Structures are given as structure tokens and as C-alpha cells.
Amino acid sequence: MIIDALLLQAGYNAALVSLGAALLGAAAGAAGAFLTLRRRALMSDAMAHATLPGIGLAFLAMVALGGDGRFLPGLMLGAGLTAAAGLWAVQRLSRQLAEDAATGAVLASFYGAGIVILTLIQGLGVGRPAGLETVLLGSTAGMLRADALVIGFGGAAVVAALWALRRPLAMVAFDPIHARLMGINPRQMDALLMALVLAVVLVGLNVTGLILIVALLVTPAVTARLWATTVSGTAGLSAALGAACGYGGAAISAAVPDLPTGPVIVLLAAGAFALTLVIRGHADG
Amino acid sequence: MSQIPLDVRDLTLRYGDVLALDGATARFPKASMTAIVGPNGAGKSSFLKSVLGLEAASGEVRAFGGPVADAMARIAYVPQRAAVDWSFPVRVIDVVLMGCYRQTGLLGRIDRRFQAQAMACLARVGMQDFARRQIGALSGGQQQRVFLARALAQGAELYLLDEPFAGVDAATEAAIINVLKGLQAEGATVIAVHHDLSTVAGYFDRVLLLNRHTIAEGPVAEIFTRDALARAYGPSLMLAAE
Ligand SMILES: Nc1ncnc2c1ncn2[C@@H]1O[C@H](COP(=O)(O)OP(=O)(O)OP(=O)(O)O)[C@@H](O)[C@H]1O
Ligand SMILES: [Mg+2]
């Protein structure tokens, strides 16, 4: 059954979901490569956790407007708004605190607020909240065709944008002062990179879930870093690893009932990292 | 008329309580080679950074007759210590190609022409054999030469170099000074912070003696006097020289 899924034989929908997850993985891998080179990996974790209150609030808003609250683009909009607010809060707090402390504070408080809102929703008995918690760990089982298309096209758009911006992104990460003298605005590049990471987080909500998206952003990137000697090589290999993990994770979790997608994807990525450590550890003596 | 490459007036810069520059003023004529000389902490690095707009100094800086911000494409800078991540996955040739960014642009292809241009810049600083080496796998002096090559790749008309000879061996120093004299012969203007007072007269044609403000400025023969040096460094320098 897993073999069927991996070979795209498990039906049209499942195949579409696997391909969508592969494109998401490629986007996460590529974005994660630039993110870790810029040393901003932790910030993506804060951003991902800050989506949770937005998801709850968007659910409530859609229920108030007469829906069942499960309309994915609506949930993504809410998630995007509070994630952006979380990012702004990190930047604001970093003026007074060290950046890691600011990141931790924002991560915990936004996530806590989100859990409170979700708990309230379960108690209210409005809309159709069952399964809303799949945004935590991801689930591609029973995913709609439209959702798979959003994920696939979203991932492809992020990959295309990163490819176009690869030179200035690399220059800002390597030597921001030189980049500035070459006419690149480092703040603008950082903002663009954060926007692309946010897009990955939102698109990934249904696949890996918000808790584990950071692993898909970071693990392929640090694995690729151990093999590649250039920025393009790092980003390309990281994207390929991310795509393979996304594809495999979605296929396996679609075939095994009740197996959440996120943990499977993350385990595959961690496996590639562990294998790399074993091989490269020997190579470096 | 005011096509003078760099004209600096009343440059003043504070870091909190520290007054790093106090009304420094200098003019750098076209195709001149100027040494900026002064003791540690005199504000030499701050002077270059302020000129480039990397530090928010007050005063007036004009480059090629206009605001310096409009002339950035014509100015290259090599910092005293590049604040870069040495474990970054980048080869020497890629670092030099970053100097071509204004020519290649966002999407332009890095074709043979740019590769050849970058290799030629590496050859000028004697680093052509290291093109495919990781930047972190070089010695300090070699890294400094790569950043000089990156500046050369820009094809600038005004070069600001912060201690280009720090940590390089004698042969490399001779090679670099040849490169700089070549730039001057092509009409470029070179400004370099320089610590070795014994080579100032041989390498440069002008001197800016700086100690927070301008002590003296002009052709080496006129300016590079014991009296002016004593005012820049204090009298102890003269004792050491004797
Ligand atoms: N980022 C900074 N924050 C605070 N003070 C600074 C900073 N950078 C430089 N300073 C101070 O400003 C003064 C000038 O420093 P600057 O680096 O310009 O000196 P310099 O002439 O280049 O010295 P050196 O010969 O050692 O390179 C020094 O007193 C230094 O302590
Ligand atoms: Mg200095």
C-alpha cells in the first residue's frame, strides 16, 4: 500500500497531494537554506507558532459569518496576520532584549494564546472544529484537490521567487555591508525572505503542521550545507531533499491510517541528516 | 567643474560618548594616491565608513560633484576586517563575482565574460590558483587579497582601502602596490589607510594626517614632516624614530 502511494498508484487525489507536498518540501528546503545562511532559523519557528491564534480567530470569524469555519484560504489569511504580528513583535522586542530571548517570548505567548482559543472553540460547539488540530501536526489524509493545488502552486511560486532573488539574498547573508554598497537594501531582502518563509509556513499548515514546519525548513538546509560548497548548491540540494521528504511523507501518511504527515516528513529529513553525519564524519576523518 | 572624486568637509562622528571624528576635512584630486595616516583610534576607519554612509556622520561629503549616494557605483571599498561569516559556503571566485553585481544585476547570466573578468582580478592580486577554494580555508592575508580582488571586479573609479597591507607578506605588498599604481595610471583615485610611515613616500603621492580632525593634508613632500607627524602622533613617535 505504501509502495502504491510512493509510485503514485493510490489514486489521482493522493498523487496530487504527494506532488503538492513535494513542491512544498522544495520551497521549504530552498527557503530554509537562505534562512539558515542568514542565521534566522529560530525566527521561522516563532513565526510558525504565531499562526495558531490566527487560525482560531479566523475559524471564529468564518463561523460568525455563517460558514463551517474550515475554509482553508480563510484560515491561512488569519494565520498569516498573526504570524506577521508575531514577527513584528520579535523585531520590536529585539531592541530591548537579545534576539533569541525575544523570539522565545513571542513563540511561547502566541502559541499559548492559540491553544487557549482552540480550547474555547472546542467548548463552544459551533461550526465544524473537529480536525482543526491537524494544523498542529499536519494531515494529508482526505485533503481536497483544491488544497493540494494551493500547496503545489504556492510551493512552486516560492521556489521561483527564491531563484530570482538568489544573488542578493546570498550577498546579504555573506556580507551585508558589501551588499549595501552594491546597491542592495539588506532590510528589504530580509523582509522578502521572511515573507517567503511565511508563505512556506502557511502553505505547510496542512502538510507538516505548524509545530514541525521549522524542521522542514532547517533539517534539509543543514544537511545540504554538509555536502555543498556554494550557495546555489546548498539551496538546490536542500530543495531536492525537502521535496523528497515532502513527497515520501505525504505518500506514507496517506497510506497508513491516522499517521500524521508532519512527523513522517520530519523523520525522513532527520534520517537524511543522520546518514550525512555518518558519511561526512568519516570523510572528514 | 567640481568633478573632484571626493570632497569631504567637516565630518563629525560620535559613537555615544566617543568623539571619533571632529570636523575632518579633505579633498582627494583625480588620479591621486593618498595615504591616510594617524595613530590607532584616530578615526581613520571611521572616516572611510562615514564617507560611504555606513556611519551616520554629520558634515558634507561630495563624490564626483554630487552626493556620495549617487556615486556609489563608482566607489569600491575594502574594510579593515570584513565582518563576514567565514564558514559560509562560498568559493573565492564567487566572492569576487559579488563585486560584479551591479553589472550582472538580479537576473543576468554570469557568463564566460564575467568569469574571465573575476579570474583576471584574482590574478592581479596573485590569487588565481585559489579560485575554487572555500573562503574560510584561506589565511588572513589571502582573504584580504580576495576582498581586494572583489573591489577590483567592480571597475570603480574611487578606491577606499582600509589597511590593505595589514597582514600580507612583502611580496604581496609589492604586488598590491603595483595594482594600485596601475589603477592610478588608468585614472582611478586611491585612498588607503596606511600604518607604515617608512613606505608612505614611496607608495603614495599625497597624505592625509588624521587625528579626529585633519592635522595636515597635501603632497607627501610638503606634508610629511616631523613637525606634522609629531602633531598627529605626539612627540613620543619622534623619540622612537631617533
Ligand atoms: N562601533 C563603535 N562603537 C563605539 N566606538 C567606536 C566604534 N568604532 C570605533 N570606535 C571608537 O572610535 C574611535 C575611532 O575608531 P577607528 O576605528 O575609526 O580608528 P582607526 O583610526 O581606524 O584605528 P586603527 O588604526 O586601530 O584601525 C576609537 O576611539 C574607537 O574606540
Ligand atoms: Mg582602523
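The values are calculated or read from the model by the stated rules, or taken from the named source; none is laboratory data. Fair warning: this is a prediction, and the values are worked out from it, not measured in the lab. Note that each Cβ is placed from the backbone with ideal geometry, even for glycine, and that neighbours are counted across all protein chains shown. Ligands, DNA and RNA are excluded from the accessible area calculation, which covers all protein heavy atoms including side chains. Shrake-Rupley method; radii C 1.70, N 1.55, O 1.52, S 1.80 Å.
Leaving out ligands and nucleic acids, note down the accessible area per residue over region B:6-241 with a 1.4 angstrom probe, in whole Å². Can you show the working numbers first?
Working: 9920 Å² over 236 residues.
Computed with neighbouring chains in place, this is 42 Å² per residue.
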Cα centroid of region A:153-225 to Cα centroid of region B:126-153, whole Å: 28 Å
Contact order relative to length of chain B, as percent, for alpha carbon pairs under 8 angstrom and 6 or more apart: 27 percent
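What does the C-alpha gyration tensor say about the overall shape of region A:2-275? Classify as rounded when a/c is under 1.5, otherwise prolate if a/b is larger than b/c, or oblate.
Working: a/c = 1.94, a/b = 1.18, b/c = 1.65.
Note, shape of region A:2-275 comes out oblate.
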From phi via Karplus (6.51, -1.76, 1.60), per-residue ³J(HN,Hα) for region B:202-214 in Hz, x at Gly/Pro: x, 8, 10, 9, 10, 9, 10, 8, 10, 8, 6, 10, 6
Solvent-accessible area, 1.4 Å probe, carbon plus sulfur percent, for region A:2-275: 71 percent
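Which of the three applies to region A:233-285, rounded, prolate or oblate, going by the alpha-carbon gyration tensor with a ≥ b ≥ c and a/c under 1.5 meaning rounded?
On the way: a/c = 4.08, a/b = 1.93, b/c = 2.11.
Taking the square roots of the gyration eigenvalues as a ≥ b ≥ c, region A:233-285 is oblate.
Note down the magnitude of the dipole of the protein assembly as shown about its Cα centre, charges +1 on Lys and Arg C-beta and -1 on Asp and Glu C-beta and zero elsewhere, to the nearest 20 debye.
In debye, rounded to 20, the protein assembly as shown gives about 660.
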Calculated over region B:99-233: convex hull of Cα atoms, volume per residue (Å³): 136 Å³
Most to least packed among B:162-173, B:187-198, A:50-61, A:248-259 [average Cβ atoms within 10 Å]: A:50-61, A:248-259, B:187-198, B:162-173
Under 19 Å from B:Lys30, Cα to Cα: lysines that are on another chain or at least 8 residues apart: B:Lys181
Note, ³J(HN,Hα) from phi for region A:53-62, Karplus 6.51, -1.76, 1.60, rounded to Hz, x at Gly and Pro: x, x, 5, x, 5, 5, 4, 4, 4, 5
Buried on assembly, region A:205-230 (at least 40 Å² less accessible surface than by itself, 1.4 Å probe): A:Arg225, A:Thr229, A:Thr230
In Å², nearest 10: area of B:Lys49 left accessible to a 1.4 Å probe: 60 Å²
Three-way shape call for region A:102-208 based on the alpha-carbon gyration tensor, with the a/c threshold at 1.5: oblate
Charged-residue dipole, Cβ positions (Lys, Arg, Asp, Glu), region B:6-241 about Cα centre, Debye nearest 20: 600 debye
Solvent-accessible area lost in complex, 40 Å² minimum, residues of region B:123-171 relative to chain alone, 1.4 Å: B:Arg150
Between A and B, accessible area buried - total, square angstrom, nearest 100, 1.4 angstrom probe: 2400 Å²
Environment charge of B:Gly108, counting only residues whose C-beta is closer than 12 Å and scoring Lys/Arg +1, Asp/Glu -1: +3
Dipole magnitude of chain A about its Cα centre (Cβ charges: Lys, Arg +1; Asp, Glu -1), debye to nearest 20: 660 debye
For B:Arg14, residues with placed amide H under 5 Å, excluding near neighbours: B:Ala20
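Need one number: convex hull volume per residue for region B:6-241, Cα atoms only, in Å³. Each step should come with its number before you reach the end.
Working: hull volume 32.1 nm³, N = 236.
It is 136 Å³ per residue.
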Estimated D of the protein assembly as shown in µm² per second, where Rh is the Kirkwood radius over Cα pairs and Stokes-Einstein applies at 25 °C, 0.890 mPa s: 95 µm²/s
Partners for B:Lys44 among aspartates and glutamates (Cα-Cα distance below 19 Å; same-chain residues under 8 apart left out): B:Asp7, B:Asp10, B:Asp17, B:Asp22, B:Glu55, B:Glu60, B:Asp162, B:Glu163, B:Asp196, B:Asp205, B:Glu217
Unit charges at the beta carbon, dipole of region A:9-147: most positive-side option, A:Leu81, A:Val126, A:Ala33: A:Ala33
Heavy-atom accessible surface of region B:6-241: percent carbon and sulfur, 1.4 Å: 51 percent
From phi via Karplus (6.51, -1.76, 1.60), per-residue ³J(HN,Hα) for region B:218-229 in Hz, x at Gly/Pro: x, x, 3, 4, 7, 9, 7, 10, 4, 4, 5, 4
Residue-averaged 222 nm ellipticity for the protein assembly as shown, from DSSP H runs of 4+ at -39500 (n - 2.57), nearest 500: -18000 deg cm²/dmol
Mean Cβ neighbour count within 10 Å, used as a protection proxy, ranking A:90-100, B:116-126 highest first: B:116-126, A:90-100
Inter-chain Cβ neighbour average for residues A:167-175, partner chain, 10 Å: 5
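How many Å² of accessible area per residue for region A:2-275, probe 1.4 Å?
On the way: 10990 Å² over 274 residues.
Ligands and nucleic acids excluded, the result is 40 Å² per residue.
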